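Written out below as structure tokens is the structure these notes cover.
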Amino acid sequence: MDSKIEYPRQTKTIGWRGILFALSVFLLSISDLSAGVLVAPTSVILTETKRTGRLTVQNPTDKPKEVTIHFSFGVPLSDSLGDVKISLQDSAITDPRSAVDWIKAFPRKMVLAPNSSQVVRFVARPPRDLPDGEYWARVVIRSQEGETSIPAASDQEKITTRLNMIMQTAIALKYRTGNLISKLEVVSTETKLVDSAVSILIDMVNRGNVSYIGLLQCRLVDAKGKIISKGQVDLAVYRDLKRRIVLPVAGENLQKPYKVEVAIATEGRTDIAAEDLIAGNSIEYSALVE
């Protein structure tokens, strides 16, 4: 899921002695959208035959919201431990798969009355002779929150600070053209038994020209094939990606060596419409636990 960020911002400070109370700006990642605006759908797909799209922004609160729309570029990236994040880039974008420069939104600024909604339309104006494949952008929806007061620091000074809360969420926008190929390759798999759990680190490379969207499923079995535990994660591989799954070792009469059975496929996602998924290759293999 794309993250939403709050930006507390100082707008007014008063005090008995005229003291200014400075606030440091901080970022807070949250998953509850109820305090901001709601956005649907959670991704927008445009194609060479359907160059327009739309999303709906809804204000479910009893206060007006100022909403702005802009575009950034960002794809899932992982570190050496398999932790994944998306860093948004707003300028100096050089990635050849970026669609930021030729996607337009209408309107880009709006004021939503309480309990109202607004349709935002997108238009793709790609350059000529665009190579086959998928091109990416992030639609960033930012809403201005109502004012909040911080309690007085003391009865003598009576310092109060009023804050404007800005909430932000980003969803994926993809433009597809020509022959689309969804293909994934597993480069390596590391398994390690640590205490009472097995850590599985899988290194993958995208060999197609679209993002590989699917499921990564793992099962931990003992020497007799008994299933010890299992788990799965959603996959979104744009370039290369490492994902880590930790499976607990629990049960009686388990016999070593343990083995990890891995299955990767573009089927099984319930959070994405079937027509938006591009079928790709499936991968199944097993690895002994070190």
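The values are calculated or read from the model by the stated rules, or taken from the named source; none is laboratory data. These figures come from a predicted structure and were not determined experimentally. Every residue, glycine among them, receives a Cβ derived from its backbone with ideal geometry; neighbour counts consider all protein chains shown.
Couple of notes before you dig in:
- Checking each residue in the stretch 118-167 for being assigned to a loop (DSSP other than H, G, I, E, B) and modelled with pLDDT of 60 or more picks out ARG125, PRO126, PRO127, ARG128, ASP129, LEU130, PRO131, ASP132.
- Just one of (1) exposed (fewer than 15 other Cβ atoms within 10 Å of the Cβ); (2) more than 26 Å from the chain's Cα centre (by Cα) fails for VAL249. It is (1).
- If you check SER80, SER72, SER91 for being part of a loop (DSSP other than H, G, I, E, B) and touching a residue at least 24 places away in the same chain (Cβ under 8 Å), only one passes: SER80.
- Residues in the stretch 223-279 that are part of a helix (DSSP H, G or I) and charged (D, E, K, R): GLU275, ASP276.
- For GLY225, the conditions (1) free of Cβ contacts under 8 Å to residues at least 12 places away in the same chain; (2) within 24 Å of the chain's Cα centre (by Cα) are fulfilled apart from (2).
- Across the stretch 200-216, the qualifying residues are those that are part of a strand (DSSP E or B) and surrounded by fewer than 18 Cβ atoms within 10 Å (Cβ to Cβ), and the one among them that is nearest to the chain's Cα centre (by Cα) is LEU215.
- Scanning the stretch 55-74 for residues being of a type outside the set (Val, Ile, Thr) and over 18 Å from ILE166 (Cβ atoms) gives a total of 4.
- Taken over the stretch 107-136, residues that are among the hydrophobic types (A, V, I, L, M, F, W, C), under 23 Å from the mean Cα position of the chain (by Cα) and surrounded by 12 or more Cβ atoms within 10 Å (Cβ to Cβ) amount to 5.
Okay, residues lined up against (1) touching a strand residue (DSSP E or B) at 6+ places or on another chain (Cβ under 9 Å); (2) among the acidic types (Asp, Glu):
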{"site": "VAL198", "(1), (2)": "yes, no"}
{"site": "ILE213", "(1), (2)": "yes, no"}
{"site": "CYS218", "(1), (2)": "yes, no"}
{"site": "ILE228", "(1), (2)": "yes, no"}
{"site": "ASP234", "(1), (2)": "yes, yes"}
{"site": "GLU252", "(1), (2)": "no, yes"}
{"site": "GLU261", "(1), (2)": "yes, yes"}
{"site": "ASP276", "(1), (2)": "yes, yes"}
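- TYR258 over 26 Å from PRO131 (Cβ atoms), crowded, with 17+ Cβ neighbours inside 10 Å and hydroxyl-bearing (Ser, Thr, Tyr): yes
- Any pair with Cβ under 8 angstrom, 6 or more apart, that starts in the stretch 270-290 at a residue that is over 21 Å from PRO41 (Cβ atoms) and ends at one that is aromatic (Phe, Trp, Tyr) and at pLDDT 95 or above: GLY280/TYR212; LEU288/TYR258; VAL289/TYR258
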